[in-house]
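Asks: Quick one: structure below, then a few questions.
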Amino acid sequence: MGDADLPNGPAAPVWSAGAVARRLGIAPATLRSWNRRYRLGPATHQPGQHRRYTQHDVAVLEAMCRLVGEGVAPTAAADIARSHALAAQSDQHRTGQPIRPLEEAKCGARGLVLAALRLDAEFLTSTLDHHFGAYGVDTTWTEVCVPALTALGRRVTPKGDCVDSVHLLSWTIIAGLHRCAGPPASSRRRVLLACTDGERHSLGLEALHAVLTAQGIPARMLGASVPATALTAAAQRIRPAAVVLWSQASRTAHTNDLRRLEPTADQIIAAGPGWRRSRLPPRVQRVESLAAAMATIRDAVWADAPDPAPACS
């Protein structure tokens, strides 16, 4: 059983110290320190053996991380964390609901935020690689990357506080997505990806590009802030099966650009939250998630082909 696997019940000690540190976004030395100073460690550790943590042990440490991050003194935080985790464990026993792997993936967002605030690029890289490999691009992007970016974004101030952390996390996510991307595929049924003119937030497109290429769908990524004339010219040259145009904010949702693209591809897709309030041309499909984008693109590219294998697994 791997570190990310879960037992049938909450009491089995399956988490290694490294896996716990990665999940919480703290150094293994911090785990050892908390164990020594506040007795926050494996409840059933045997001398001379590797430390293995139960789900309850991890819940205590998660509460400790949250409280210390909120400014509570470590000694008091340790006492509060134990009591909160015991209450949560009691609720779980009462309901009989096991903890699911997807919930473990969601917890990775907190670790990314803490590591980004420390500007710990090495930790961010290893953690993202772990989650991409364990859960795939779609789940990791939706349940880990987006919540982490959102949480960091709330910390940004007009003076620029935390902008460095947001940029570092964004860069490591992009680098991880590039590592998940598959080799170039040869096909006439290509997909063209671009952001609207003035839109510089391309992370959502990067995630879509990684999923597409990992599933063998050839994609051409033009990236951020592509002028409408350049995008239309590119589409006319390669005649893609689908064009995905990303807008993050309503000010960059240029519906005229979608109309220009309609004659160039079988399917035009408006992706990103910027299009939510826009009245789209009849032939344009709005998508709200990676899964929806992939379903629409597969219909355009591989209408008669079987579903490919999951990406980055």
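Asks: For the subset of region 137-188 comprising residues that are within 17 Å of residue 207 (Cα to Cα) and part of a loop (DSSP other than H, G, I, E, B), which member is modelled with the lowest pLDDT?
Replies: So, considering only residues that are within 17 Å of residue 207 (Cα to Cα) and part of a loop (DSSP other than H, G, I, E, B), the one modelled with the lowest pLDDT is 184.
Asks: If the Cβ limit is 7 Å and pairs must be 6+ apart or interchain, which residue in region 24-37 that is assigned by TED's automatic domain parsing to the domain that holds residue 74 pairs with which residue that is surrounded by 14 or more Cβ atoms within 10 Å (Cβ to Cβ) and among the acidic types (Asp, Glu)?
Replies: Partner pairs satisfying both residue conditions: 24/62.
Asks: Let me ask you something else. Among (1) within 14 Å of the chain's Cα centre (by Cα); (2) within 27 Å of residue 257 (Cβ to Cβ); (3) not assigned by TED's automatic domain parsing to the domain that holds residue 228, which single condition is residue 203 missing?
Replies: Against the list (1) within 14 Å of the chain's Cα centre (by Cα); (2) within 27 Å of residue 257 (Cβ to Cβ); (3) not assigned by TED's automatic domain parsing to the domain that holds residue 228, residue 203 comes up short only on (3).
Asks: A follow-up question, please. Is at least one residue of region 193-212 farther than 27 Å from residue 301 by Cβ and of a type in the set (Gly, Ala, Ser)?
Replies: Yes: one or more hits.
Asks: Can you tell me which residue within region 143-162, out of those that are surrounded by fewer than 19 Cβ atoms within 10 Å (Cβ to Cβ), under 12 Å from the mean Cα position of the chain (by Cα) and not aliphatic (A, V, I, L, M), is nearest to residue 25 (Cα to Cα)?
Replies: Ranking the candidates gives 147 first.
Asks: Also, quick follow-up: Can you confirm whether region 221-235 contains a residue that is buried (at least 17 other Cβ atoms within 10 Å of the Cβ) and within 27 Å of residue 111 (Cβ to Cβ)?
Replies: No, the conditions are met nowhere in region 221-235.
Asks: Now, a different point. Limited to region 141-176, what total is found for residues that are polar (S, T, N, Q), without any contact (Cβ under 8 Å) to a residue 40 or more places away in the chain and touching a helix residue (DSSP H, G or I) at 6+ places or on another chain (Cβ under 7 Å)?
Replies: 1
Asks: Now for a separate question. Has region 89-105 got at least one residue that is more than 16 Å from residue 142 (Cβ to Cβ), among the small types (Gly, Ala, Ser) and at pLDDT below 85?
Replies: yes
The values are calculated or read from the model by the stated rules, or taken from the named source; none is laboratory data. In this text the structure is predicted, and so the values were computed from the model without any measurement. Cβ atoms come from the backbone with ideal geometry, glycine included; neighbour counts cover every protein chain shown.
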